[in-house]
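The values are calculated or read from the model by the stated rules, or taken from the named source; none is laboratory data. All values derive from a computational prediction rather than experimental measurement. So basically every Cβ, Gly included, is an ideal-geometry build from the backbone, and we count neighbours across all protein chains shown. Only protein heavy atoms, including side chains, enter the accessible area calculation; ligands, DNA and RNA are left aside. Shrake-Rupley method; radii C 1.70, N 1.55, O 1.52, S 1.80 Å.
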Amino acid sequence: MSPYAMSMLMSSLAMGTVITLSSSHWFLAWMGLEINTLAIIPLMTKMHHPRATESATKYFLTQATASALLLFSAAMNAWMTGEWTIVDMNSYIPTTILTIALAIKLGIAPFHPWLPDVLQGLDMMTCLILSTWQKLAPMALLILTSHQLNTSLLTLMALASAIIGGWGALNQTQMRKIMAYSSIAHLGWMTLVISFAPGLALLNLTIYLMMTSSMFVMLMALNATNMNKLSISWLKTPTLAASMMTGLLSLGGLPPLSGFLPKWLILQEMTKHHLGALSAVMALSALLSLFFYLRLSYMISMTSPPNISNANLAWRKKNNLSLINPILIVLSTMLMPITPMLLM
């Protein structure tokens, strides 16, 4: 792709998100989401492969449906209340439709099946953008309207996302599908706490963005798209393989890594609201996710491929990693010491 076209598309992505984040009117927020969607479609189809075309088509149809529902809910709310501002969604039916629209855009269960299929057909850089940057605008709208949304519906979707995100990745071997189900599970934790403590949802989103970005950057450096390629990563770059193992354990939420921090605070917040049974189910669903993260960690650190001498391996591969990668690795694994400051 031409550098000029790429710069225009990336600028449009940034502009669409900024428009949505800075708007107080539903029409401007919808326009920002549309700019976002239209800017990422050419990035999806730049590989000129049938799978990429299929992914772009699925993504476009899904996002168009969600945008239509969002605009319909905003118009219905304006018809009922005379207000187009984002924070004035007071009617039951528009808020329910809005919740469904944002769940479709984010890939929250039960509106999740498009996400693994779309990510599987894309290259790693586009997967990184889709899993991180494209979550910002819909999640910002969800946080802005969280005090008016149906808490029971959000809780049900959060529980379904955490369970399906853990269960769906158990039999996967493709790294992009595993990261998609990981995204679904993390979105479930954010959706669970968003009605009770939007600040905690924002903290969870920030740590999720750092962990996911570092994982995709490491996967791109290792050129690992499935578990078999991941198992020979220690032969290429032992240090990066060890960092990836730590990053996976952080995604699983093991202490004392960064991924444990949001889960701990969310479970604490849930028990404060006397939702002990729900907290227990969410903690058990996290064990499903932890299982496949541990399986990947085992593949990286404790397995060796057969017939190493006959394989065409890049011995001690030279990496062209930027400074951003070690920064992301440190942030995604070593944020636990800031917990007292957050609790204050």
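The modelled label-to-label distance between residue 323 and residue 24, using points 7 Å beyond Cα along the C-beta direction, is 3.8 nm.
The convex hull around the C-alpha trace of the stretch 167-276, projected and averaged over every direction, spans 7.1 square nanometres. With 0.36 nm allotted per residue and the present C-alpha distance subtracted, the residue 298-residue 81 stretch has 72.5 nm of extension available.
The solvent-accessible area of residue 31, taken with every protein chain present and a 1.4 Å probe, is close to 70 Å². In this simple spin-label approximation, residue 167 and residue 65 carry label points 7 Å from Cα along the Cα→Cβ vector, and these lie 2.0 nm apart. Close amide H partners of residue 335, meaning residues 5 or more places away or on another chain with modelled amide H under 5 Å apart, are 258. Rounded to whole numbers, the Karplus 3J(HN,Hα) couplings from phi for the stretch 270-285 are 5, 5, 5, 8, 6, 10, x, 5, 5, 4, 5, 5, 5, 5, 5, 5 Hz, using 6.51 cos²θ - 1.76 cosθ + 1.60 with θ = phi - 60°, and x at Gly and Pro.
With a 1.4 Å probe and every protein chain kept in, tell me what percent of the accessible surface of the chain is carbon plus sulfur.
Answer for the chain: carbon and sulfur cover 70 percent of the accessible area.
In order along the stretch 211-216, phi translates into HN-Hα couplings of 5, 5, 4, 5, 5, 5 Hz, rounded to whole numbers, per the Karplus curve 6.51 cos²θ - 1.76 cosθ + 1.60 with θ = phi - 60° and x for Gly and Pro. Pairs of Lys residues in the stretch 97-343 are counted when their Cα atoms are under 20 angstrom apart and they lie 8 or more places apart or on different chains; the count is 10. Couplings 3J(HN,Hα) for the stretch 241-246, derived from phi with the Karplus relation 6.51 cos²θ - 1.76 cosθ + 1.60 (θ = phi - 60°), are 5, 5, 5, 5, 4, 5 Hz, where x marks Gly and Pro.
Short-range pairs are left out: with C-alpha atoms under 8 Å and at least six residues apart, the relative contact order of the chain is 15 percent. Compute the helix-to-body angle for 175-193: its Cα long axis versus the longest principal axis of the chain, expressed 0 to 90° and rounded to tens. Once rounded, one gets 40 degrees.
For the listed peptides 224-231, 165-172, a ranking on the average number of other beta carbons within 10 Å per residue, highest first, reads 165-172, 224-231.
Suppose the Debye formula is applied to equal point scatterers at every Cα of the chain; what is log10 I(q)/I(0) at q = 0.09, 0.12, 0.16 Å⁻¹? One equal scatterer on each Cα of the chain leads to -0.49, -0.86, -1.47. Structure remark: mean-square fluctuation, Gaussian network model of the chain, C-alpha springs under 10 Å; the largest value among 275, 156, 296 belongs to 275. Counting only protein chain heavy atoms and rolling a 1.4 Å probe, the accessible areas of 57, 145, 246 rank, largest first, as 57, 246, 145.
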